[in-house]
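These notes concern the structure reproduced below.
All of the numbers you see were taken from the coordinates with simple rules; none came from a lab. Bear in mind the structure is a predicted one, so any value in this text is a computation, not a measurement. Here the Cβ is made from the backbone with ideal geometry for all residues, glycine too, and neighbour counts use every protein chain on show.
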Amino acid sequence: MVCSGAVREYCLREYFIASCSSAADVILMTSALYGRMRIGRCIRGTFNIGCSNDVMALFDDRCSGRKSCNVSVRSLVDSRPCQRDFASYLEASYRCVAGIVHQFTCHLAVIVTIRSGHQNPTDYSTLRYVRHRRKR
């Protein structure tokens with residue numbers, strides 16, 4: 001599990017795995033980029049560095065508002081942010097937030113709300129609206 005807010009690299013053959021241990025917590029994605037952003041653990045050569053796609057919408061769909069998620073980095077290959085012959089990687093982070101998840105069966109949307117202040121326990125604000133794809 002990634003520490004709250006920490007951005008981590010996930011190489012092409014790895015999986016992004018997120019989970020929240022507290023029963024009251026759900027995942028809230030804070031960042032998700034796929035590409036060749038910089039030299040690091042997954043990229044060693046200096047060729048074709050600096051290209052990326054924001055894949056936050058995909059990770060919101062698969063992870064935000066859920067207790068756990070598992071996404072193969074290889075499943076992002078079709079987004080092709082860089083030249084075809086160069087391997088890309090994922091940089092992603094998430095937090096576990098205590099909140100209320102509202103599920104609407106008509107369109108499988110999730111709204112994550114959290115307490116906006118500790119003084120009034122009924123004072124909540126909307127943190128993220130995520131529309132999940134229909135299950136078939």
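Work out the charge dipole of region 1-53 with +1 on the Cβ of Lys and Arg and -1 on the Cβ of Asp and Glu about the Cα centre, then indicate which of S21, S31, I43 is farthest towards its positive end.
With unit charges placed on the Cβ atoms, the residue in question is I43.
Order by neighbour count: M56, M29, fewest other Cβ atoms within 10 Å first, most last.
With the sparsest Cβ surroundings first, the list reads M56, M29.
How big is the charge dipole of region 8-98 about its Cα centre, in debye rounded to the nearest 20, if each Lys and Arg gets +1 on its Cβ and each Asp and Glu gets -1 on its Cβ?
Here the size comes out at about 240 debye.
Below 15 angstrom from the Cβ of E14, what's the summed charge of the other residues (Lys, Arg +1; Asp, Glu -1)?
Counting the neighbours of E14, the net charge comes to +2.
Report the Rg/Rh value for region 8-98, based on alpha-carbon coordinates and the Kirkwood definition of Rh.
Dividing the radius of gyration by the Kirkwood radius yields 1.01.
Can you give the FRET efficiency to the nearest 0.05 for T46 and S79, using r as the Cβ-Cβ distance and R₀ = 25 Å?
Calculated value: 0.70.
Just want the ordering: Y89, Y94, from fewest to most Cβ atoms lying within 10 Å of their own Cβ.
Lowest to highest Cβ neighbour count: Y89, Y94.
What ranking of S52, S79 emerges when the number of other C-beta atoms within 10 Å of each C-beta is taken as an exposure proxy, fewest first?
Starting with the residue having the fewest Cβ neighbours, the order is S79, S52.
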